[in-house]
Amino acid sequence: VCSSDLKVVSESGLLSLSHKSTVYLLEDNVLKLQASQNFGQGVEARNHLELDECVCGKNLKFGRVIYVSTDDDGYLGCYEKLVSESVYCLPLMDEETSLGVMTLHMEKDHVRDEEKESFLDALANTLANIIVRKQTEARLYRLANYDYLTGLPNRVLFYEQLEVLLAVKEAENSALSLVLVYMDGLEEVNNSMGFHVGNLLI
C-alpha cells in the first residue's frame, strides 16, 4: 500500500518523477521504513529512526504538513548524507494518534504554494486512512485464522491450507503425510497448577 501511494505521488502533476520519498510507520516509539521511492546512487533511506533523530520525527506532534530546508535551525534528514535542499514532512494521523510520517524531498528551486500543500495534506489523510483500514483488516484476519494463545494457524486456516496441499499433491500424484500430536493430562495441570501454567505448557 505505501509503495503504491508513493508511486501515485511521484506520477502526479504537482511533483517531479525524480523526487525522493519515504513512508515510515511508528512502532514502539521508533519510525520504521515501510517504503521508499527514487533512491539509489549510494543514498538509501535508513530502516529505523528515533523520534528525536530527524525533523519529521520531532514534528509528528503537530499533525500537519511541515516544510523545512537546510537553512532552518535543527534541519536533519533521514539519510546518511544530504539528498535535497528541503523536505516536506507529512505526519500520518488517525484522529489524535500518530501512525508515522511520509517525506518528500524537493530541489533547491522548489517554490511553496497553497495548492501543493493542500494536495499534500489531503494525500497524508488519505494514506493514513488506507493504513488504518489495512491494519484493521490484518487484525481481523489474524483473529479469524490464528490461535490467540499460541499464535499458530487455527483449525480454519489449517483446513484451508490442507485443501491447497491436497490439490497440489493430487496434481503431482504424490503422497502427503499428516502428523497429529495429542497432549494428555492438560486438565489435571490446569486444576492443580492453574490455567497460566497450562497455557504456558500449550
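Observations, loosely collected:
- On inspection, residue 199 fails the criterion of being over 30 Å from residue 94 (Cα atoms), assigned to a helix (DSSP H, G or I), open to solvent by less than 60 Å² (accessible area, probe 1.4 Å) and out of contact with any strand residue (DSSP E or B) (no Cβ under 8 Å at 6 or more places or on another chain).
- Qualifying residues in the stretch 144-159 (those that are of a type in the set (A, V, I, L, M) and closer than 20 Å to residue 196 by Cα) - the one nearest to the chain's Cα centre (by Cα): 152
- Qualifying residue in the stretch 171-184 (condition: part of a helix (DSSP H, G or I), hydrophobic (A, V, I, L, M, F, W, C), more than 20 Å from residue 88 (Cα to Cα) and modelled with pLDDT of 90 or more): yes
- Of all the numbered requirements in (1) open to solvent by 100 Å² or more (accessible area, probe 1.4 Å); (2) over 36 Å from the mean Cα position of the chain (by Cα), residue 141 misses one, and that requirement is (2).
- Annotation note: of 149, 162, the sole residue that is out of contact with any Pro (no Cβ under 9 Å at 6 or more places or on another chain), in a loop (DSSP other than H, G, I, E, B) and at negative phi is 149.
- For the condition under 30 Å from residue 65 (Cβ atoms), open to solvent by less than 100 Å² (accessible area, probe 1.4 Å) and charged (D, E, K, R), residue 109 does not qualify.
- Of everything in the stretch 94-125 that is in contact (Cβ under 8 Å) with a residue 60 or more places away in the chain and in a helix (DSSP H, G or I), the residue that is farthest from residue 58 (Cα to Cα) is 115.
- Residue 157 being farther than 30 Å from residue 22 by Cα and surrounded by 12 or more Cβ atoms within 10 Å (Cβ to Cβ): yes
The values are calculated or read from the model by the stated rules, or taken from the named source; none is laboratory data. Predicted model, so just to flag it, every value in this text is computed and none were measured. Cβ: placed from backbone, ideal geometry, glycine included. Neighbour counts: every protein chain shown. These accessible areas exclude ligands, DNA and RNA; they are computed on the full protein's heavy atoms, side chains included. Shrake-Rupley method; radii C 1.70, N 1.55, O 1.52, S 1.80 Å.
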